[in-house]
Amino acid sequence: MASAEAAAAAAALSPSSSSWEADSAPVPEAAGAAAAAAVAVAAAARMGPGARVSKAALATKLLSLSGVFAVHKPKGPTSAELLNRLKEKLLAEAGMPSPEWAKRKKQTLKIGHGGTLDSAAGGVLVIGIGRGTKMLTSMLSGSKRYIAIGELGKATDTLDSTGKITEEKPYDQITQEDIEGILQKFTGNIMQVPPLYSALKKDGQRLSTLMKRGEAVEAKPARPVTVYSISLQKFQPPFFTLDVECGGGFYIRSLVSDIGKELSSCANVLELTRTKQGPFTLEEHALPEDKWTIEDIAQSLEHCSSLLPAELALKKPKPEESQEQGLSCEYITLNETKGEDGDNKTC
């Protein structure tokens, strides 16, 4: 009986005898892909809970995904590396690319992230898929929230614990009241000098890349940024913990360094976690890696759709914002084996 139902499900996909061949026909429109995915999933459901959805049905569903969701980025990988890891997991789950999909040369999977997190930082990373990649620039300009642990008495070339120590100063005289007393200076609309090690670009290349090559790099001029709120959560010398909500283009590393200087000492970021980006929070919306599946992402897209105003989908990204603040999108054709860094495009 089960085999008869399986045959019926395959027939529902196409009159062809092969489920792979049935689903390998071109799907010109997103609506068609979504409909095909729904038929395939419904057919699998009729086969019973133990039945496995075909790779072709999963691939069709993957191509139908569209919107914005969030993942939990751990410390270690860069945002681009994490995006590649996510992409590879989704393609592998759907059995793509494969010879059967070579016919779909016009079918493209768009996926990207908005708002780069340093490799040493973790937390919310917003991902756009399908038409959702057009919404990512709006994510860059929205508010963000961070929990940062700073270390007094040490300055580094990267302004965090991954860099080389460039200066050491005493911090024993600094009290909790001292730190709380200066935080008002870093609240509101302020001017901030971005770090040399950053995603900002000079002549088309990231400053961090030029620095790693040993090339001389001048600091970018101070620019206006916004801090909506900042509070001291804990002080256990030499460590202090801040809760910061800020606007786009703001660097926590620069903030902690400036706080150290204001206290007649120096400081660097020991740990950094982004707990909120736009309407997405780490606790409620960020998918851990074990949830990076086509079905989990589809559910997350549906859950997160209510968080975004409809007009976001109509906004066009600004190239200058994309380059400076870390917008990264990849256009992956199904007959590619792997998207390379050189294939990254700004959308």
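The values are calculated or read from the model by the stated rules, or taken from the named source; none is laboratory data. Just so it is clear, the model here is predicted, and its values are computed rather than measured. Positions of Cβ are backbone-derived with ideal geometry, glycine not excepted, and every protein chain shown enters the neighbour counts. Accessible surface areas use protein heavy atoms only, side chains included; no ligands, DNA or RNA. Shrake-Rupley method; radii C 1.70, N 1.55, O 1.52, S 1.80 Å.
Take S257 and tell me if it is open to solvent by less than 40 Å² (accessible area, probe 1.4 Å), touching a residue at least 60 places away in the same chain (Cβ under 8 Å), closer than 26 Å to M191 by Cβ and in a helix (DSSP H, G or I).
Yes: the conditions hold for S257.
Conditions: (1) modelled with pLDDT under 95; (2) under 18 Å from the mean Cα position of the chain (by Cα). C246 meets all but one. Number of the miss?
Against the list (1) modelled with pLDDT under 95; (2) under 18 Å from the mean Cα position of the chain (by Cα), C246 comes up short only on (1).
Being part of a strand (DSSP E or B) and either under 18 Å from G150 (Cα atoms) or modelled with pLDDT of 65 or more (or both) is the filter here, so list the residues in the range 173-219 that pass it.
Within the range 173-219, the first condition is being part of a strand (DSSP E or B), and the residues that meet it are 188-192, 201-202, 205-206.
Across the range 173-219, the qualifying residues are G188, N189, I190, M191, Q192.
Taking into account only those residues within the range 148-173 that are surrounded by 20 or more Cβ atoms within 10 Å (Cβ to Cβ) and under 21 Å from T275 (Cα atoms), which is farthest from the chain's Cα centre (by Cα)?
Of everything passing the filter in the range 148-173, E151 is farthest from the chain's Cα centre (by Cα).
Yes or no: R274 closer than 11 Å to Q192 by Cβ and either among the aromatic types (F, W, Y) or touching a residue at least 24 places away in the same chain (Cβ under 8 Å) (or both)?
no
Would you call E283 charged (D, E, K, R), under 18 Å from L152 (Cα atoms), open to solvent by 70 Å² or more (accessible area, probe 1.4 Å) and at pLDDT 95 or above?
Criteria not met by E283.
Looking only at the range 118-138, count every residue that is open to solvent by 10 Å² or more (accessible area, probe 1.4 Å) and either at pLDDT 85 or above or under 15 Å from T281 (Cβ atoms) (or both) and tell me the total.
Qualifying residue count, the range 118-138: 7.
Residues are listed down the side, and each one gets a yes or a no for (1) outside any loop (DSSP other than H, G, I, E, B); (2) among the hydrophobic types (A, V, I, L, M, F, W, C); (3) under 26 Å from V71 (Cα atoms):
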{"site": "G112", "(1), (2), (3)": "yes, no, yes"}
{"site": "L117", "(1), (2), (3)": "no, yes, yes"}
{"site": "I127", "(1), (2), (3)": "yes, yes, yes"}
{"site": "G132", "(1), (2), (3)": "yes, no, yes"}
{"site": "L136", "(1), (2), (3)": "yes, yes, yes"}
{"site": "I149", "(1), (2), (3)": "yes, yes, yes"}
{"site": "T162", "(1), (2), (3)": "no, no, yes"}
{"site": "E167", "(1), (2), (3)": "yes, no, no"}
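When you scan the range 309-331, do you find a residue that is at pLDDT 75 or above and of a type outside the set (V, I, T), even just one?
Within the range 309-331, none of the residues are at pLDDT 75 or above and of a type outside the set (V, I, T).
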